[in-house]
Amino acid sequence: MSLLKVDELDVFYGDFHAVRGVSLKVDEAQTVAIIGANGAGKSTLLQAITGLNMQKRGAVTFDGKDIGRMRADLIARNGVTMVPEGRRLFGSLSVEDNLLVGGSSGRKGPWTLEAVYRLFPRLGELRKMQSSTLSGGQQQMVALGRALMTNPRLLLCDEISLGLAPKIIGDIYRCFDAIRESGVSIVIIEQNVAQACNASQHVYCLLEGRISLEGDPRKLAMDDITAAYFGTEQHA
Amino acid sequence: MIWLETIANGILLGGLYALIGLGLGFAFGVMRVVNVAQGDFIVAAAFIGLYLYPWTPLHPILVIVPVALIAFGIGILLQRVLINRVLGHDQIPQILLTFGLAIVLRNGMVSWFGANSQSINVGNMRFWGFDFLGMRLGVLPVLVLVIAIMLFAALRFWLNTSRMGRIIRATADDHQVVQLLGVNYRNVYAIAMGIALALSAVAGVLLAMRGSFTPYSGADRLLIAFEVVVIGGLGSFWGMFIGGIVLGVTQLVALKLDPAGGLMYGHIVFFIILILSPKGLSSILTIKAFRK
Ligand SMILES: Nc1ncnc2c1ncn2[C@@H]1O[C@H](COP(=O)(O)OP(=O)(O)OP(=O)(O)O)[C@@H](O)[C@H]1O
Ligand SMILES: [Mg+2]
């Protein structure tokens with residue numbers, strides 16, 4: 001059975017129909033990538049799954065439970081969390097306080113302060129620093145660590161490589177192995193198609209709010225992905 | 001010497017003004033809610049104090065404890081039942097809501113208690129004084145300043161060190177992201193409003209001990225609170241304290257120069273600061289922001 005199942009999801013901003021009839025699923029311990037151009041509706045989709053956007057229609061099932069109308073904080077307490085686009089750290093808080101807020105969800109599991117510092121040793125050295133003074137890469141580590149502190153079963157990552165140097169992106173992606181091994185399923189949103197295909201077992205391409213292509217990234221032809229990404233050809 | 005004494009008394013009064021601003025500034029800092037009814041809640045707290053202090057053991061000044069607890073409960077209810085329903089990008093609904101609440105509260109108090117001037121009687125303490133560096137200072141005003149400083153420091157300490165304080169600071173930074181971490185921001189807001197009203201209530205009771213009040217005093221109190229918060233720089237913690245002191249000193253010095261001036265000179269100083277530095281004094285003094 002799938003851990004997350006989204007069925008015919010529509011999401012709106014007022015009259016604007018941003019996500020149109022999207023269905024997808026994520027299995028236990030799987031990594032799924034969602035790719036798509038600017039404004040395709042990727043972030044909107046994740047916000048609807050996490051309950052931050054309540055203007056939605058359709059079914060969202062997590063671990064057999066209907067979370068479609070559930071409040072965002074309860075969805076998080078059930079084990080779904082997100083590293084939001086642009087990191088959105090608590091800028092006035094220290095690194096450690098950011099992580100500890102993540103730990104206030106009350107979920108038990110392998111992710112503790114020590115475990116996060118083991119994953120990102122640099123954060124341990126910076127723990128007393130105000131988070132807004134950190135570099136982009138360090139901030140992204142805090143954002144990831146903060147999400148892990150909730151001990152999620154499903155971790156959604158919205159463009160975590162945006163604006164970071166290639167080396168740092170590599171460092172962060174390498175950490176996903178350790179995260180997956182702790183039993184967490186991962187959904188990544190990427191604009192970098194190659195990065196997304198490398199890191200995932202299943203990829204969905206979003207175009208103007210619809211899924212234009214999906215499949216195993218190793219079996220999809222690059223041309224098809226490009227066409228689905230930019231909408232240069234008609235895909236069902 | 002008489003001027004030094006005036007300035008000292010201005011500082012003592014200013015500490016209380018700062019406390020009046022703290023509740024408003026705290027609510028704004030955490031929730032971006034401007035509680036227009038704050039002034040009338042302050043007066044309502046004074047009335048509660050007026051009815052409770054004869055039953056307060058040890059000393060009448062301790063009535064601030066039960067009044068603060070009651071105000072905390074009222075704040076939680078207020079946020080849960082009313083203000084949480086109108087939160088959103090648009091701030092007009094909550095301003096209209098609290099404005100309406102202010103009117104209801106004020107007229108309710110007039111019809112219940114009458115329009116007479118009242119005061120909370122702390123007994124002889126009102127007349128106690130002591131000599132300090134050649135100045136004659138009142139025991140009650142000094143005590144009030146000490147309480148104000150202690151409340152500022154305690155709140156700051158609690159916010160910085162406790163689990164709930166950390167969640168409040170995080171929620172103030174980003175009330176959406178805290179939800180992704182399992183925090184119900186509406187509960188956090190309710191607690192923050194409880195704290196804001198409790199602080200205001202203490203200010204209201206202390207004000208009623210130092211001077212007198214009527215059901216109509218709310219508008220003045222709210223104005224002071226606004227000025228303290230704006231002078232301090234919106235949401236700046238110790239900036240607010242300095243804002244209160246500036247107002248207090250200005251008022252007493254001006255009263256000496258022009259006994260008919262009342263609060264006017266305080267408003268003028270406020271106006272000048274607003275023009276010179278729209279972000280408040282804290283931007284000049286680079287005081288650490290409230291959301292540390
Ligand atoms: N708060 C909002 N109000 C109205 N429209 C919005 C809002 N947020 C996003 N949109 C619109 O919804 C559509 C999808 O936006 P979304 O942010 O989900 O795209 P995205 O795929 O995440 O893009 P990006 O790669 O730039 O992050 C866009 O057309 C965008 O303009
Ligand atoms: Mg996006």
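Of the numbered criteria (1) in a helix (DSSP H, G or I); (2) away from chain B (no Cβ under 14 Å), the one residue A:143 fails is (2). Within the stretch A:94-135, which residues are in a loop (DSSP other than H, G, I, E, B), closer than 23 Å to residue A:153 by Cα and more than 14 Å from chain B (Cβ to nearest Cβ)? Answer for the stretch A:94-135, where residues must be in a loop (DSSP other than H, G, I, E, B), closer than 23 Å to residue A:153 by Cα and more than 14 Å from chain B (Cβ to nearest Cβ): A:110, A:112, A:120.
Check the stretch B:13-28 and report whether any residue there is hydroxyl-bearing (Ser, Thr, Tyr) and either surrounded by 24 or more Cβ atoms within 10 Å (Cβ to Cβ) or not in a helix (DSSP H, G or I) (or both).
As a first pass, look at the stretch B:13-28 and keep what is hydroxyl-bearing (Ser, Thr, Tyr): B:17.
Checking the rest, the ones that are also either surrounded by 24 or more Cβ atoms within 10 Å (Cβ to Cβ) or not in a helix (DSSP H, G or I) (or both) come to B:17.
Looking through the stretch B:13-28, at least one residue is hydroxyl-bearing (Ser, Thr, Tyr) and either surrounded by 24 or more Cβ atoms within 10 Å (Cβ to Cβ) or not in a helix (DSSP H, G or I) (or both).
Taking first residues from the stretch A:77-93 that are more than 7 Å from chain B (Cβ to nearest Cβ) and within 16 Å of ligand 1 (Cβ to nearest atom) and partners that are assigned to a loop (DSSP other than H, G, I, E, B) and β-branched (Val, Ile, Thr), the Cβ contacts under 8 Å between residues at least 6 apart in sequence or on separate chains come to A:83/A:160. Candidates B:236, B:277: the one that is at pLDDT below 85, polar (S, T, N, Q) and under 21 Å from the mean Cα position of the chain (by Cα) is B:236.
Residues that are crowded, with 21+ Cβ neighbours inside 10 Å, within 16 Å of ligand 1 (Cβ to nearest atom) and not hydrophobic (A, V, I, L, M, F, W, C) within the stretch A:185-203 comprise just one, A:190.
All conditions in (1) more than 9 Å from chain B (Cβ to nearest Cβ); (2) surrounded by fewer than 24 Cβ atoms within 10 Å (Cβ to Cβ) hold for residue A:152, with the sole exception of (2).
With respect to the conditions (1) in a helix (DSSP H, G or I); (2) at pLDDT below 90; (3) exposed (fewer than 13 other Cβ atoms within 10 Å of the Cβ), residue B:90 falls short on a single one, namely (1).
Tally up the residues in the stretch A:32-52 that are at positive phi and within 13 Å of ligand 2 (Cβ to nearest atom), please. Spell out the reasoning first.
At the first step, the residues of the stretch A:32-52 found to be at positive phi are A:36, A:39, A:41, A:51.
Filter once more, keeping what is within 13 Å of ligand 2 (Cβ to nearest atom): A:36, A:39, A:41.
Matching residues across the stretch A:32-52 total 3.
Let's see how each residue does on (1) exposed (fewer than 15 other Cβ atoms within 10 Å of the Cβ); (2) away from ligand 2 (no atom under 14 Å from the Cβ); (3) within 14 Å of another protein chain (Cβ to nearest Cβ):
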| position | (1), (2), (3) |
| --- | --- |
| A:4 | no, yes, no |
| A:8 | yes, yes, no |
| A:12 | no, yes, no |
| A:18 | no, no, no |
| A:30 | no, yes, no |
| A:54 | yes, yes, yes |
| A:58 | no, yes, no |
| A:67 | no, yes, yes |
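Scanning the stretch B:32-68 for residues that are among the hydroxyl-bearing types (Ser, Thr, Tyr) and outside any loop (DSSP other than H, G, I, E, B) returns B:51, B:53.
Condition check ((1) touching a residue at least 40 places away in the same chain (Cβ under 8 Å); (2) of a type outside the set (Ser, Thr, Tyr); (3) over 23 Å from residue A:3 (Cα atoms)) across all residues:
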site: A:117; (1), (2), (3): no, no, yes
site: A:120; (1), (2), (3): yes, yes, yes
site: A:132; (1), (2), (3): yes, no, yes
site: A:147; (1), (2), (3): yes, yes, no
site: A:154; (1), (2), (3): yes, yes, no
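Total residues in the stretch A:16-54 satisfying the condition of being among the small types (Gly, Ala, Ser), near ligand 1 (Cβ under 8 Å from one of its atoms) and not in a strand (DSSP E or B): the figure is 5. Within the stretch A:179-201, the set of residues being in contact with a Leu (Cβ under 9 Å, 6 or more places away or on another chain) and more than 16 Å from ligand 2 (Cβ to nearest atom) comprises A:179, A:182, A:184, A:185, A:186, A:197. Residue check, residue B:212 against (1) over 28 Å from residue B:53 (Cα atoms); (2) surrounded by fewer than 18 Cβ atoms within 10 Å (Cβ to Cβ), all met but one. Which one? Just one mismatch for residue B:212, condition (1). The residues on offer are A:53, A:98, and the sole one that is more than 28 Å from residue A:117 (Cα to Cα) and touching a Ser or Thr at 6+ places or on another chain (Cβ under 7 Å) is A:53. Answer yes or no: is there a residue in the stretch A:173-196 that is within 14 Å of another protein chain (Cβ to nearest Cβ) and in a helix (DSSP H, G or I). Looking through the stretch A:173-196, none of the residues is within 14 Å of another protein chain (Cβ to nearest Cβ) and in a helix (DSSP H, G or I).
The values are calculated or read from the model by the stated rules, or taken from the named source; none is laboratory data. In this text the structure is predicted, and so the values were computed from the model without any measurement. Here Cβ is always computed from backbone atoms with ideal geometry, including for glycine, and neighbour counts include all displayed protein chains.
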